[in-house]
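Input: a single structure, listed below in structure tokens.
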Amino acid sequence: MYNSSMSSRDTKLREVEAWIASSPDIRAALLTSSLVNPLAPVDAYSDLDIELVFDDPTFYKLSTDWIYQFGEPLNIYEEDGSYFNGIHAMKMVQYTDGDKIDFKLYGKQQFIAETQKNQLPEDWDIGYRVLIDKDNLTQDLRPPSYQVSIIKKPSVAQFNKVYRNFWWDVSYLPKCLNRGDLFYYKFMFEHIIRLDYLEPMIEWYIGANTNWGVSSNKHGRLFEKYLSNEEWSLVKATFAGADMKENWQASFALLKVFQRFAEGVSYALGIDLDDGLSDRILQFFERQYQKFKR
């Protein structure tokens with residue numbers, strides 16, 4: 001961990017807070033996301049997520065000049081209100097010193113409408129801290145529950161869909177490997193199978209073992225924390241580079257670790273697995289691998 005980055009981010013936050021307090025255009029401001037979520041991992045690379053409420057945000061939406069007072073931007077990415085149903089706009093700034101600030105820009109009326117919804121919007125339920133409120137705009141804001149990021153128990157239908165889809169889509173992998181079709185193999189493995197099937201199955205496995213009371217954070221950032229050393233080693237074995245033989249080994253590791261986690265989840269949910277399916281697919285892989293070795 002780089003303490004200099006931590007102090008740099010803290011300095012930026014103090015500079016933003018001073019600007020917020022002195023600017024008559026800004027009527028309220030919130031700090032949101034991981035820095036104010038007790039369940040989130042925070043380190044030197046964690047971003048600042050700051051929501052700004054204006055009487056009229058037009059200038060700040062159209063201009064980027066005000067962003068430079070907090071450092072030299074490496075890159076600025078902008079999304080106007082059309083991306084968010086007209087509720088707010090975004091300016092995301094990566095500074096050259098490594099700090100990143102995501103600014104969310106509200107008009108006062110749009111912000112008030114969000115605070116009066118029956119259910120706290122997800123971005124606030126993850127966690128927020130009021131930095132300033134000059135007009136009592138946040139007085140109706142409910143406190144965050146932090147439950148948005150908690151692993152949710154799947155229904156039987158959800159589990160079965162992921163389980164069956166996994167064992168169907170993995171059948172594409174052997175032909176990719178035997179053709180030497182690296183790009184399509186990686187698309188199927190990394191984009192579809194890992195993200196759509198393996199990742200939720202690991203989440204459910206962790207949830208089942210923690211009474212559905214923890215968060216594994218975005219895309220498995222906390223998997224290692226909640227898995228045993230052996231289980232984490234099995235997951236790491238599913239990663240490989242460009243070598244086809246290594247990808248064959250990663251594919252076999254994928255089949256075995258997915259089935260292991262699926263059995264754990266199915267037991268917790270009281271679901272009978274079609275174990276014959278996983279055995280048949282594994283045998284199919286072994287036959288296809290023999291062709292690769294010739």
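The values are calculated or read from the model by the stated rules, or taken from the named source; none is laboratory data. This structure is a prediction, so every number in the text was calculated from the model and none was measured. No Cβ is skipped: glycine too gets one built from the backbone with ideal geometry, and neighbour counts run over all protein chains shown.
From the list Tyr45, Tyr77, the lone residue that is of a type in the set (Ser, Thr, Tyr), touching a residue at least 24 places away in the same chain (Cβ under 8 Å) and more than 19 Å from Glu122 (Cβ to Cβ) is Tyr45. Gly127 falls short on exactly one of the conditions (1) more than 23 Å from Glu231 (Cβ to Cβ); (2) without any contact (Cβ under 8 Å) to a residue 40 or more places away in the chain, and that condition is (2).
Does at least one position in the stretch 226-246 carry a residue that is in a helix (DSSP H, G or I), more than 25 Å from the chain's Cα centre (by Cα) and surrounded by 14 or more Cβ atoms within 10 Å (Cβ to Cβ)? Within the stretch 226-246, one or more residues are in a helix (DSSP H, G or I), more than 25 Å from the chain's Cα centre (by Cα) and surrounded by 14 or more Cβ atoms within 10 Å (Cβ to Cβ). Restricting the stretch 43-68 to residues that are surrounded by 13 or more Cβ atoms within 10 Å (Cβ to Cβ) and of a type in the set (Gly, Ala, Ser), which is nearest to Gly220 (Cα to Cα)? Restricting to residues being surrounded by 13 or more Cβ atoms within 10 Å (Cβ to Cβ) and of a type in the set (Gly, Ala, Ser), the top hit is Ser46.
What about Leu120, is it surrounded by 14 or more Cβ atoms within 10 Å (Cβ to Cβ), in the same structural domain as Val16 (by TED's automatic domain parsing) and part of a loop (DSSP other than H, G, I, E, B)? Spelling it out, Leu120 is indeed surrounded by 14 or more Cβ atoms within 10 Å (Cβ to Cβ), in the same structural domain as Val16 (by TED's automatic domain parsing) and part of a loop (DSSP other than H, G, I, E, B).
Within the bounds of the stretch 181-195, is there any residue that is part of a loop (DSSP other than H, G, I, E, B), aliphatic (A, V, I, L, M) and buried (at least 18 other Cβ atoms within 10 Å of the Cβ)?
First, pick out the residues of the stretch 181-195 that are part of a loop (DSSP other than H, G, I, E, B): 181.
If we keep only those that are aliphatic (A, V, I, L, M) as well, we get none.
Taking every residue of the stretch 181-195 in turn, none turns out to be part of a loop (DSSP other than H, G, I, E, B), aliphatic (A, V, I, L, M) and buried (at least 18 other Cβ atoms within 10 Å of the Cβ).
Quick one: is Val214 among the aliphatic types (A, V, I, L, M), within 23 Å of Ser171 (Cα to Cα) and either in the same structural domain as Trp167 (by TED's automatic domain parsing) or part of a helix (DSSP H, G or I) (or both)? It is false that Val214 is among the aliphatic types (A, V, I, L, M), within 23 Å of Ser171 (Cα to Cα) and either in the same structural domain as Trp167 (by TED's automatic domain parsing) or part of a helix (DSSP H, G or I) (or both).
Residue count for the stretch 151-164, restricted to those that are in the same structural domain as Glu246 (by TED's automatic domain parsing) and in contact with an Asp or Glu (Cβ under 7 Å, 6 or more places away or on another chain): 0.
Enumerate the strands (runs of 3 or more DSSP E) found wholly within the stretch 1-107, keeping only those where 1 or more residues are out of contact with any Asp or Glu (no Cβ under 9 Å at 6 or more places or on another chain), at pLDDT 95 or above and among the β-branched types (Val, Ile, Thr). Even if it seems obvious, please write down each step before you answer.
Numbers: elements: 26-32, 48-54, 73-79, 88-95, 100-107.
Correct list: 73-79.
Can you find, within the stretch 252-294, the residue that is nearest to the chain's Cα centre (by Cα) among those that are farther than 22 Å from Ser155 by Cβ and of a type in the set (Gly, Ala, Ser)? Here the answer is Ala253.
With respect to the stated conditions, Gly276 is at pLDDT below 95 and in the same structural domain as Asn165 (by TED's automatic domain parsing). Does at least one position in the stretch 32-42 carry a residue that is out of contact with any helix residue (DSSP H, G or I) (no Cβ under 7 Å at 6 or more places or on another chain), among the small types (Gly, Ala, Ser) and surrounded by fewer than 17 Cβ atoms within 10 Å (Cβ to Cβ)? Scanning the stretch 32-42 turns up no residue that is out of contact with any helix residue (DSSP H, G or I) (no Cβ under 7 Å at 6 or more places or on another chain), among the small types (Gly, Ala, Ser) and surrounded by fewer than 17 Cβ atoms within 10 Å (Cβ to Cβ).
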